[in-house]
Structure formats: structure tokens, C-alpha cells
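Asks: Have a look at the structure that comes next, please.
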Amino acid sequence: MKKIIYCTLSCIALIGCHQKNAAAEARADAEKTTAPTLGSSLNCFTDSKAILNQINQKSTITQLEAANSALKKCTPELENAQLYQLLNSANNMYQRFLTTTSGEESMEGINAYGYAKEYPDSATDLGHGDAASIKKTLPQRDQYLVDQVGKQYIQFLDVGEGYFLLKQSPQYAVDLFAPYLPKAEAVFIQRMAKDNTDILYSDAAIAIPWQQLVERALFWENYIQQYPNSRFVEDAKYLLQEYEYLSFIGSDNSNAFGFSKVRYLVETDEVKPALTWLAKQPHSQVAKKAQLFLDYTSKHYPGIQDNDYDQQYKPIVRLLQLTVPDFKRDCHHTALCIDFE
């Protein structure tokens with residue numbers, strides 16, 4: 001059960017990451033296109049939304065900057081419901097702007113460029129050439145986009161297995177929206193931005209230290225207790241369930257423990273120290289689960305075959321009342337959770 005879920009994880013996560021809509025190639029002189037602006041007589045919310053909606057796969061970084069500048073002037077004046085609508089519009093704006101026309105497959109197009117840039121020696125050994133040479137073979141729009149990395153909250157991220165992602169930095173929501181939202185929602189966005197600056201999963205493996213994993217579980221438990229009426233409390237519960245499961249079970253390529261016929265083998269370099277720390281935290285149900293896990297694995301014998309995955313993990317899942325992640329929500333790329341398409 002666990003193996004099936006995690007073996008397909010990277011592919012599922014990439015569904016929401018790679019846009020496959022065809023985009024017209026833009027020439028360099030497109031920068032001269034007139035950028036949208038807000039007039040003093042316009043309704044702030046309506047016209048900010050209209051400006052964001054104008055940005056597409058043909059727009060320039062100058063136009064994107066102008067749209068963000070207009071938004072910054074508007075957000076202090078808006079009600080919460082309007083802010084959430086504009087936050088969604090802004091996320092969609094970046095998806096349109098960052099639509100690429102190459103790199104749909106690993107080690108092709110923009111992915112080959114990213115791999116050569118990030119791992120030049122390995123790329124050369126594989127016969128892919130250097131990043132500069134590969135870049136010249138990309139469609140002009142894609143060349144333009146990679147030149148904008150680092151500008152206007154644009155990230156270029158290695159998401160594992162030869163895939164690279166052009167995306168909006170989650171810090172965008174922190175800077176432009178969080179200061180004007182209720183504390184519960186602002187805290188949620190700030191934490192999500194912190195955790196999603198980089199990836200959580202890579203090639204069905206956990207890409208962060210185990211200590212960070214258990215700290216995230218503890219954070220979301222505390223968040224739910226502190227902000228039970230938060231707009232994002234259901235997503236916080238989803239995150240708590242996911243981080244609990246990962247802390248005690250792990251993923252396909254990052255197991256929390258293994259087995260022999262006579263004992264559980266808890267990974268000692270990272271897992272056991274992190275769970276030992278977690279077990280000592282006060283006023284926490286997650287901490288109690290960590291103590292229960294450590295006691296159980298030290299005293300009970302699995303007595304099962306190494307390749308019987310369901311039987312290996314079900315006793316721990318039942319004992320700790322863990323929820324197996326269903327991966328219907330993507331909470332690891334932006335400052336909000338979104339449904340997978």
C-alpha cells in the first residue's frame with residue numbers, strides 16, 4: 001500500500017507543476033509593450049483583478065512587474081474576501097506567465113537546461129552538453145523565461161527525477177497579502193512559504209531532514225489548537241496527517257524503519273534522534289505517538305516476511321491512528337493548498 005502511493009508521488013506532484021498549454025514565442029523587443037497601470041478613478045479591486053488577468057504567456061517581465069506594483073497599491077484597501085480572490089488571480093497569473101513550450105519530459109528542453117545548469121559534470125557525462133548550448137536550442141519564449149529567474153518572485157526549482165519547475169515563489173503571498181489578513185491566515189501563509197521555498201519530495205524520497213519533518217508535524221498540531229476557526233484549518237489538519245505519517249512511516253525511498261524477523265530496525269542516523277526529541281515535547285498528542293512508537297518498536301517483534309509491506313506497516317498505522325495520505329491536495333509548492341487537477 002505504502003509503496004504504491006509513494007512510487008507514484010513524484011509523477012502526481014508534477015501534474016500541477018508543468019503547464020502543457022502551447023505558448024507563442026515572444027521576441028526580445030516585446031519588453032517595449034505598454035505595461036498596464038491603475039488609474040486613480042478606477043475601482044481598486046475590480047481593476048487590479050483585470051490587470052492580473054491581462055498577464056499571459058506572451059507578457060513581459062515589465063508587464064508582470066507593473067501588475068504586481070498595481071496590486072501592492074491596492075491590497076491595503078481591500079476586505080479579506082477580496083484579498084483571497086486576488087491571491088487566487090495572482091497565482092493563476094503566474095501559471096499563465098510561466099507556461100513553457102518545452103521540457104515536458106525528463107531531460108528534454110527546459111529540463112535538460114536545468115539539469116545541465118545544476119549538474120554540469122553529470123550532464124556532460126550523459127552527452128547533454130552545457131547549459132548555455134542547450135539554452136540556445138529552446139524556444140525563444142522559454143529562453144526569455146529562464147532569464148527572468150530571480151526577478152518578480154520567479155523561481156527555477158529542481159523537483160527531482162530530471163524535472164525542473166519555473167514557479168512563483170511562495171514568498172509572494174507573504175509580502176503582498178499576509179500583512180493585510182487576519183493573524184490566523186497570515187501565520188498559515190508565512191509558515192507555508194517557509195516550508196515550500198524548496199521541495200519536500202524528490203524521487204519518492206523525503207528531501208528534508210527528519211528533524212524538520214517532526215517539527216512540521218508539531219507546528220500544525222499547535223496551529224490547529226491555536227486557530228481552530230482559521231479559514232485554513234482543514235488544510236492544517238491535512239498537513240498534520242501527512243507529516244505524522246511521514247514522521248513515523250516515511251516514504252518509499254526514505255523509510256522510518258525496517259525489519260528483521262526478530263525486531264524492528266528504526267533508522268538511527270536521523271529518524272530515532274528526531275522521534276526521541278519529539279517524544280519529549282510537552283502538551284502534544286504527536287509527542288505521545290512518538291513515545292508510543294519508540295516503546296512499541298523496542299519491545300515487539302514483527303515476525304513477518306520482509307516483502308509483506310501491508311503487514312509490516314499496518315500495525316504501526318493502527319497503533320498510532322495514522323491517516324494514509326491521499327494526495328488529493330498539493331500543499332508543497334505555493335503558500336496555499338490547491339486541489340490536484
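Asks: Along Cα→Cβ, 7 Å out, is where each label goes; now give me the distance between the ones at residue 295 and residue 321 in nm to one decimal.
Replies: Between residue 295 and residue 321, the label points sit 1.5 nm apart.
Asks: Rounded to the nearest percent, how much of the accessible area of segment 125-254 (1.4 Å probe, protein heavy atoms only) is carbon and sulfur?
Replies: 47 percent
Asks: Quick query: amide H of residue 107 versus all other amide H atoms, modeled in the peptide plane; which residues come in under 5 Å with a sequence gap of 5 or more or a different chain?
Replies: When sequence neighbours closer than 5 places are left aside, the close amide H contacts are 112.
Asks: Show the residues, 5+ positions off or on another chain, whose built amide H is closer than 5 Å to the amide H of residue 166.
Replies: 157
Asks: Report, in whole Å, the centroid distance computed from the Cα atoms of segment 110-181 and segment 199-218.
Replies: 22 Å
Asks: Please list the non-local residues whose amide H lies under 5 Å from the amide H of residue 257, H modeled 1.01 Å from N, same-chain partners needing a gap of 5 or more.
Replies: Residues meeting the criterion, in which the H sits 1.01 Å from N, are 267.
Asks: Could you give me the ³J(HN,Hα) list for segment 220-232, computed from phi with Karplus coefficients 6.51, -1.76, 1.60 and θ = phi - 60°, whole Hz, x at Gly and Pro?
Replies: After applying 6.51 cos²θ - 1.76 cosθ + 1.60, I find 6, 4, 5, 4, 4, 5, 7, 10, x, 9, 4, 4, 9 Hz.
Asks: Next question. Which lysines have a Cα lying under 22 Å from the Cα of residue 72, excluding residues fewer than 8 positions away in the same chain?
Replies: Within the straight-line limit of under 22 Å, residue 72 reaches these lysines: 49, 151, 167, 183, 194.
Asks: Applying the Karplus parametrisation 6.51 cos²θ - 1.76 cosθ + 1.60 with θ = phi - 60° to the phi angles of segment 127-136, what ³J(HN,Hα) value in whole Hz is obtained for each residue in order, glycine and proline being reported as x?
Replies: x, 9, x, 8, 4, 4, 5, 5, 4, 5
The values are calculated or read from the model by the stated rules, or taken from the named source; none is laboratory data. Every value quoted in this text rests on a predicted model; they were computed, and no experiment measured them. FYI the Cβ positions are ideal-geometry reconstructions off the backbone, even for glycines, and counts take in every protein chain you see. Heads up: the accessible areas ignore ligands, DNA and RNA and are worked out on the full protein's heavy atoms, side chains in. Shrake-Rupley method; radii C 1.70, N 1.55, O 1.52, S 1.80 Å.
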